[in-house]
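Worksheet for the structure shown next.
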Amino acid sequence: MIIKIKKNIKPIIVISILFAIFIGYNVFIRNQEIQALSKYGSRGSEVTQIQTKLKRWGYYNGNVDGIYGSQTLAAVKYFQRKNGLTVDGIAGPATLKAMGIFTSSSSSSSSSSSSNLNLLARVVYGEARGEPYSGQVAVAAVVLNRVKSSSFPNTISGVVYQSGAFDAVRDGQINLSPNSTAIKAAQDALNGWDPSYGAIYYFNPSTATNKWIWSRPMTVTIGRHRFCK
C-alpha cells in the first residue's frame, strides 16, 4: 500500500513542478509587458530612454534620472499632442514606437526596419508629394544623411521628431498614410540612392524667409526644393 502511494506521488510532483513553471513564465511575460508601458511614477531604463529622446528633441527640460515625474509627464503629453497621438501622458506602445523605442515584443530587426521605412515614407509624403520622384528620394536621403551626421540625432525617429525640423511634423501631415510612390522613394533612399548629393538641408526658395538657410552651400535643385549642406 505504501509503495502504491509513492508511485502515485511522482506524477503529482511532476505536474506541480510544471504548473509552477507555467505560472512563473506568465508572471515573467506580464512583467515584460508592463515594462513596455511607462507612466507617472514609473522608474527604470525605459524612462531614461524616454527622457533622453524628449530632451534631445526639445520636448523635455528636466533631468535624465529615470524617474517618470510631472516634468516627464508634461513632456510626453507635449510630444503626443504634436505628433497626433492620444494625449494621455502614458508612454504606451504607440508613443514608444513614435519615439523609436522598441519593446521586447517589437524589437526584432524586421520590425525596426519596417517601422523606419514607414516613418521615412510618411516624411516623404508629408514633405514632398507632388515633387519629381528623384526629389522625393532626395528628401528621404536628407533624413538619412542627418542620422549619419554628428550634428543630429542618430536614429530616423530622432531626426524626424527633432523639434522644428520638419514642417510635416509641425502641421500634422506626418500622420497621413503614405502612397506607394512615397514608400518606394523611402526604400530607394534606404538602399543607398542619394540624389541630394549628401545634403542635410532643403528648402523651397519661393517661400523661405530664413536668411541662414540661404547661406548654406547648395548641392542640387530638384523640383521646388533646393538641397544644401
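The values are calculated or read from the model by the stated rules, or taken from the named source; none is laboratory data. Note that the coordinates shown come from a computational prediction; the quantities given were computed from them, not determined experimentally. So basically every Cβ, Gly included, is an ideal-geometry build from the backbone, and we count neighbours across all protein chains shown.
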### Message
Just the residues that are β-branched (Val, Ile, Thr) and over 14 Å from the mean Cα position of the chain (by Cα), please, taken from region 72-86.
### Response
THR72, THR86
### Query
Restricting to region 158-173, what's the tally of residues that are farther than 14 Å from VAL139 by Cα and over 15 Å from the mean Cα position of the chain (by Cα)?
5
### Message
Among the residues that make up region 180-193, is at least one of them among the acidic types (Asp, Glu) and farther than 14 Å from ALA121 by Cα?
### Response
no
### Task
Show the residue pairs that are 6+ apart or on different chains and have beta-carbon atoms under 6 Å apart, the first residue being within region 150-178 and assigned by TED's automatic domain parsing to the domain that holds ARG129 and without any contact (Cβ under 8 Å) to a residue 40 or more places away in the chain, the second being crowded, with 19+ Cβ neighbours inside 10 Å and among the charged types (D, E, K, R).
VAL159/ARG146
### Query
Taking region 179-193 only, how many residues are surrounded by fewer than 22 Cβ atoms within 10 Å (Cβ to Cβ) and touching a residue at least 60 places away in the same chain (Cβ under 8 Å)?
3
### Message
Can you confirm whether SER149 is surrounded by fewer than 21 Cβ atoms within 10 Å (Cβ to Cβ) and modelled with pLDDT under 95?
### Response
yes
### Query
Does SER104 meet the test of being modelled with pLDDT under 95, touching a Phe, Trp or Tyr at 6+ places or on another chain (Cβ under 8 Å) and more than 27 Å from THR219 (Cβ to Cβ)?
no
### Query
Any residue in region 5-21 that is at pLDDT below 80 and closer than 22 Å to THR155 by Cα?
no
### Message
Taking the condition of being touching a residue at least 24 places away in the same chain (Cβ under 8 Å), part of a helix (DSSP H, G or I) and not aliphatic (A, V, I, L, M), how many residues in region 50-65 meet it?
### Response
3
### Message
Return the residues of region 194-214 that are without any contact (Cβ under 8 Å) to a residue 40 or more places away in the chain and either within 16 Å of GLU127 (Cα to Cα) or under 17 Å from the mean Cα position of the chain (by Cα) (or both); say none if nothing qualifies.
### Response
PHE203, ASN204, PRO205, SER206, THR207, ALA208
### Query
Which one of the conditions (1) in contact with a Pro (Cβ under 7 Å, 6 or more places away or on another chain); (2) under 18 Å from VAL159 (Cα atoms) does GLY223 fail to meet, given that it meets all the rest?
(2)
